[in-house]
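The values are calculated or read from the model by the stated rules, or taken from the named source; none is laboratory data. Since the model is a prediction, treat every value here as computed from it, not as a measurement. Cβ: placed from backbone, ideal geometry, glycine included. Neighbour counts: every protein chain shown. Side chains are part of the model used for accessible areas, which takes the heavy atoms of the whole protein and leaves out ligands, DNA and RNA. Shrake-Rupley method; radii C 1.70, N 1.55, O 1.52, S 1.80 Å.
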Amino acid sequence: MTAEMVAPAWMHQQITAEEYESWSEEQCAGIEIVDGMVVVSPSASKRHNRLARLLANALDAAAGSDWNADTDFDVRLQDVPLTNRRPDVIVYRADTIDITPTRPEHVLLVAEVVSPGSETTDRVVKVDQYAKAGIGFYWRIEQAATGTPLVYTYLLDPATRTYREGDVFAGTLKITAPFAAEIDLGQI
């Protein structure tokens, strides 16, 4: 049995930005492209999706009219080799809503909800990729055994293109940057 019999050929070779842009929205759902290679993500749990949606809704309400907060769409981190990530929550400039692809300069904050199987990617790999792309804020949300999520915040050091650790929140997330917000994590 050959590899092509198990999975389509496009899963065994690097794809370009032009090839990816020719794919339908259905083909792009549930995948990310890392260094030109397709990475398939399993469907998230209902708890994961609810947490991401409620956090996006709260950020959207707090961000003001210049920013939108949404879930689950591609952010083009680099063109060659192609790297598209699909953060769980993205805060981006409202005036770029119709611009595709969304690029790091459009994005203020990304948040990832850690799930079983995404621990290393969300805690190590994506932190580095988002920082190198110049995204100002990264949040990692851990689904704690207590039921109340923990939010780890990171702020970009533009000189080194690395993140500095910020505050860790449980219960109520009260921030002043990148904008003022108070989010009751117990409600999520």
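A few notes on this one:
- For the chain, built as a Gaussian network whose Cα springs stay under 10 Å, the top-fluctuating residue of 113, 151, 168: 168
- Between the beta carbons of residue 181 and residue 24, assuming R0 = 45 Å, the FRET efficiency works out to 0.80 to the nearest 0.05.
- Of 46, 126, 132, the residue with the largest accessible area leads and the full order is 46, 132, 126 (1.4 Å probe).
- Karplus-derived HN-Hα couplings along the range 106-117 (A = 6.51, B = -1.76, C = 1.60, θ = phi - 60°), whole Hz, x at Gly and Pro: 8, 9, 9, 8, 10, 10, 10, 9, 6, 10, x, x
- Per-residue 3J(HN,Hα) values for the range 150-162, derived from phi via the Karplus relation 6.51 cos²θ - 1.76 cosθ + 1.60 with θ = phi - 60°, read 9, 10, 9, 10, 9, 10, 5, 9, x, 5, 9, 6, 10 Hz in sequence order (x marks Gly and Pro).
- Local net charge near residue 28, Cβ-Cβ under 9 Å (Lys/Arg +1, Asp/Glu -1): -2
- Residues considered: 81, 42, 101. Largest GNM mean-square fluctuation over the chain, using C-alpha springs under 10 Å, is found at 42.
- Computed E for residue 49/residue 159 - FRET, C-beta separation, R0 30 angstrom, nearest 0.05: 0.25
- Pairwise FRET efficiency - residue 123 versus residue 41, Cβ, R0 = 22 Å, nearest 0.05: 0.90
- Among 134, 64, 36: highest mean-square fluctuation, GNM of the chain, C-alpha pairs under 10 Å: 64
- Radius of gyration, Dmax [the chain; alpha carbons; angstrom]: 16.8, 57
- By the rule of a C-alpha distance below 26 Å, with chain neighbours fewer than 8 residues away ignored, the lysines paired with residue 46 are 126, 174.
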